[in-house]
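What follows is one structure encoded as structure tokens, with my remarks underneath.
The values are calculated or read from the model by the stated rules, or taken from the named source; none is laboratory data. Source: prediction; values computed, not measured. Cβ sites come from the backbone with ideal geometry, for glycine too, and all protein chains shown count toward neighbours. Heads up: the accessible areas ignore ligands, DNA and RNA and are worked out on the full protein's heavy atoms, side chains in. Shrake-Rupley method; radii C 1.70, N 1.55, O 1.52, S 1.80 Å.
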Amino acid sequence: MPAVEETQITKYLSKYKYVGATKKDVMDVVTTYRSLTYDLQKFIFNDGTSKDLFTLQGTIPVVYKNNTYYIPICIWLMDTHPQNAPMCFVRPTATMQIKVSMYVDHNGKVYLPYLHDWQPHSSDLLSLIQVMIVTFGDHPPVYSKPKEQITSPYPPNSFMPQPGGPSGSSSALPYPTAGGNFPPYPTGSGYGPYPPGGGAGFPGPAAGPYPPYMNFPQPPGGSGGYPPAGGYNPSSNASSTGTITEEHIKASLISAVEDKLRRRIQEKVNQYQAEIETLNRTKQELVEGSAKIDAIISRLEREHVDLQKNISVLKDKEQELEKSLEALESAEAIDPDEAVTTTAPLYRQLLNAYADEAATEDAIYYLGEGLRGGVIDLETFLKHVRQLSRKQFILRATMQKCRQKAGLAG
């Protein structure tokens with residue numbers, strides 16, 4: 001892309017919040033589809049407020065019944081792009097009329113699942129245009145007006161090219177006929193989201209024709225206009241086939257209706273199959289979830305039973321502790337010397353001898369500590385140690401005899 005165009009795009013996007021991401025998005029589209037031009041124009045919203053927004057306008061190639069047609073569109077980018085989805089419109093010429101469908105309303109505004117599910121980090125304008133091309137190939141957004149409704153001839157530099165072949169051939173019709181069931185395309189600024197012409201929204205016809213490389217060659221000997229709404233030219237057909245009867249017209253209409261019904265039925269079948277698959281997956285997930293819930297409920301019931309048992313045991317233990325505390329509180333004071341009793345006098349003698357021997361051992365130890373600390377002299381230490389040692393010897397001998405009499409080991 002030339003540096004001048006890149007500079008101009010950057011200038012138009014100077015007030016946008018995400019200039020870098022929006023600029024890359026726009027440059028990818030302009031580089032890929034040279035039929036789209038860019039501009040900064042005023043867009044009027046439903047509440048009457050207006051804002052200068054970046055717009056891409058021009059034509060996109062759509063293949064319908066093996067013929068390529070260039071559909072005029074306009075894409076408005078919000079100033080928070082790509083955080084918010086752009087607004088897309090079909091912009092018919094004087095010889096075209098909007099075909100209202102689930103994807104295009106009577107104002108020309110485009111509704112696509114891709115726009116509804118717009119993701120800021122994964123969606124882009126190039127993919128949006130490709131989705132529009134595929135969708136418009138299955139559901140053409142415009143059709144040609146009857147000749148009596150066309151006020152001016154179709155411009156020679158049209159961005160709505162004619163299919164090849166003789167101008168009177170009814171088999172080259174790309175779009176359904178008017179049939180009187182579709183409202184005419186609105187003019188002026190009286191319609192909500194579609195921006196008005198003349199400087200506030202889409203530029204008017206004075207904005208200039210689309211690039212000449214978008215021209216589609218005119219049919220030889222034709223008038224240069226779009227195929228008539230009726231899809232049937234008696235004079236041309238009569239000259240090429242001789243005679244066109246009502247049976248031919250009836251068979252053609254029946255074939256068209258059958259084809260349309262077949263497509264509608266196939267769409268419904270595919271839709272219902274997808275819904276059935278979704279419901280089956282949901283059912284499987286619900287069954288698995290139900291099994292998990294049942295297992296959790298069973299485990300909780302078992303834990304509840306165990307908890308009730310533990311509570312019952314704790315209550316019994318609590319009652320026992322309360323009774324023991326009451327008994328201790330009401331009992332008389334216990335003498336520490338009488339707290340330990342023996343089953344026989346021999347065992348009592350052994351217990352007393354052991355206690356005296358341990359006390360003697362402690363006395364000898366503390367005498368040694370007193371001597372070391374200078375509390376007592378050596379003579380006093382030796383005197384008391386001799387006395388305690390004799391007593392300790394007698395106690396140990398008594399303990400040994402008691403153990404022998406009691407038949408205890410060692």
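Which residues, taken from region 106-116, are open to solvent by less than 40 Å² (accessible area, probe 1.4 Å), part of a loop (DSSP other than H, G, I, E, B) and modelled with pLDDT of 90 or more? Full working, then the answer.
In the first step, residues of region 106-116 are kept if they are open to solvent by less than 40 Å² (accessible area, probe 1.4 Å); the result is 107-108, 110, 112, 115.
Adding the requirement that they be part of a loop (DSSP other than H, G, I, E, B) leaves 107-108, 112.
Hits for region 106-116 are 108, 112.
Filter region 242-274 down to the residues that are among the small types (Gly, Ala, Ser) and surrounded by 10 or more Cβ atoms within 10 Å (Cβ to Cβ), then identify the one that is nearest to residue 65 (Cα to Cα). Before you say what the answer is, go through the steps one by one.
So the first thing to find is which residues in region 242-274 are among the small types (Gly, Ala, Ser), and the list is 242, 251-252, 255-256, 274.
Adding the requirement that they be surrounded by 10 or more Cβ atoms within 10 Å (Cβ to Cβ) leaves 251-252, 255-256, 274.
Details: 251: 19, 252: 16, 255: 15, 256: 13, 274: 27 Å.
The residue in question is 256.
So, in region 367-391, how many residues would count as being of a type outside the set (D, E, K, R) and exposed (fewer than 11 other Cβ atoms within 10 Å of the Cβ)?
Here is the first cut: in region 367-391, the ones of a type outside the set (D, E, K, R) are 367-368, 370-371, 373-376, 378, 380-382, 384-385, 387-389.
Filter once more, so that each one left must be exposed (fewer than 11 other Cβ atoms within 10 Å of the Cβ): 373-374, 378.
The qualifying residues number 3.
Applying the selection to region 117-137, what residues are outside any loop (DSSP other than H, G, I, E, B), open to solvent by 10 Å² or more (accessible area, probe 1.4 Å), touching a residue at least 24 places away in the same chain (Cβ under 8 Å) and not hydroxyl-bearing (Ser, Thr, Tyr)?
Initial filter on region 117-137 (outside any loop (DSSP other than H, G, I, E, B)): 125-137.
Keeping just the survivors that are open to solvent by 10 Å² or more (accessible area, probe 1.4 Å) gives 126-127, 130-131, 133-135, 137.
Going one step further and asking which of them are touching a residue at least 24 places away in the same chain (Cβ under 8 Å), we end up with 126, 133, 135, 137.
Within region 117-137, 126, 133, 137 meet the criteria.
For region 355-364, does any single residue satisfy the condition of being of a type in the set (A, V, I, L, M) and either in contact with a Phe, Trp or Tyr (Cβ under 7 Å, 6 or more places away or on another chain) or open to solvent by 80 Å² or more (accessible area, probe 1.4 Å) (or both)? Full working, then the answer.
If we filter region 355-364 for residues that are of a type in the set (A, V, I, L, M), which is where we start, we get 355, 358-359, 363-364.
Filter once more, keeping what is either in contact with a Phe, Trp or Tyr (Cβ under 7 Å, 6 or more places away or on another chain) or open to solvent by 80 Å² or more (accessible area, probe 1.4 Å) (or both): none.
No, there is no match, as no residue in region 355-364 is of a type in the set (A, V, I, L, M) and either in contact with a Phe, Trp or Tyr (Cβ under 7 Å, 6 or more places away or on another chain) or open to solvent by 80 Å² or more (accessible area, probe 1.4 Å) (or both).
Which numbered condition in (1) part of a strand (DSSP E or B); (2) open to solvent by 10 Å² or more (accessible area, probe 1.4 Å) is the only one that residue 84 fails?
Here residue 84 meets the rest and fails (1).
Quick check: anything in region 42-62 within 19 Å of residue 87 (Cβ to Cβ) and in contact with a His (Cβ under 7 Å, 6 or more places away or on another chain)? So that I can check it myself, show each step before the final result.
Within region 42-62, the first condition is being within 19 Å of residue 87 (Cβ to Cβ), and the residues that meet it are 42-60.
Then keep just the ones that are in contact with a His (Cβ under 7 Å, 6 or more places away or on another chain); that gives none.
No, region 42-62 contains no residue that is within 19 Å of residue 87 (Cβ to Cβ) and in contact with a His (Cβ under 7 Å, 6 or more places away or on another chain).
Given the condition open to solvent by 60 Å² or more (accessible area, probe 1.4 Å), assigned by the TED database to the domain that holds residue 77, hydrophobic (A, V, I, L, M, F, W, C) and in contact with a Leu (Cβ under 9 Å, 6 or more places away or on another chain), answer yes or no: does some residue in region 21-41 qualify?
Yes, the conditions are met somewhere in region 21-41.
Among (1) open to solvent by less than 100 Å² (accessible area, probe 1.4 Å); (2) within 26 Å of the chain's Cα centre (by Cα); (3) of a type in the set (Asp, Glu), where does residue 277 come up short?
(1)
Of everything in region 7-23 that's among the charged types (D, E, K, R) and out of contact with any strand residue (DSSP E or B) (no Cβ under 9 Å at 6 or more places or on another chain), which residue is farthest from residue 81 (Cα to Cα)? Let's see the steps before the verdict.
So the first thing to find is which residues in region 7-23 are among the charged types (D, E, K, R), and the list is 11, 15, 17, 23.
With out of contact with any strand residue (DSSP E or B) (no Cβ under 9 Å at 6 or more places or on another chain) added as a condition, the list becomes 17, 23.
Numbers: 17: 8, 23: 10 Å.
The selected residue is 23.
Is one or more of the residues making up region 55-64 surrounded by fewer than 14 Cβ atoms within 10 Å (Cβ to Cβ) and in the same structural domain as residue 136 (by the TED database)? Give the steps one after another, and end with the answer.
The initial filter retains those residues of region 55-64 that are surrounded by fewer than 14 Cβ atoms within 10 Å (Cβ to Cβ), namely 63.
Add one more test, that the residue is in the same structural domain as residue 136 (by the TED database), and what stays is 63.
Taking every residue of region 55-64 in turn, at least one turns out to be surrounded by fewer than 14 Cβ atoms within 10 Å (Cβ to Cβ) and in the same structural domain as residue 136 (by the TED database).
Determine which member of the set 385, 340 is without any contact (Cβ under 8 Å) to a residue 24 or more places away in the chain and not in a helix (DSSP H, G or I). Full working, then the answer.
Working: 385 fails: not in a helix (DSSP H, G or I).
Only one candidate passes the filter, namely 340.
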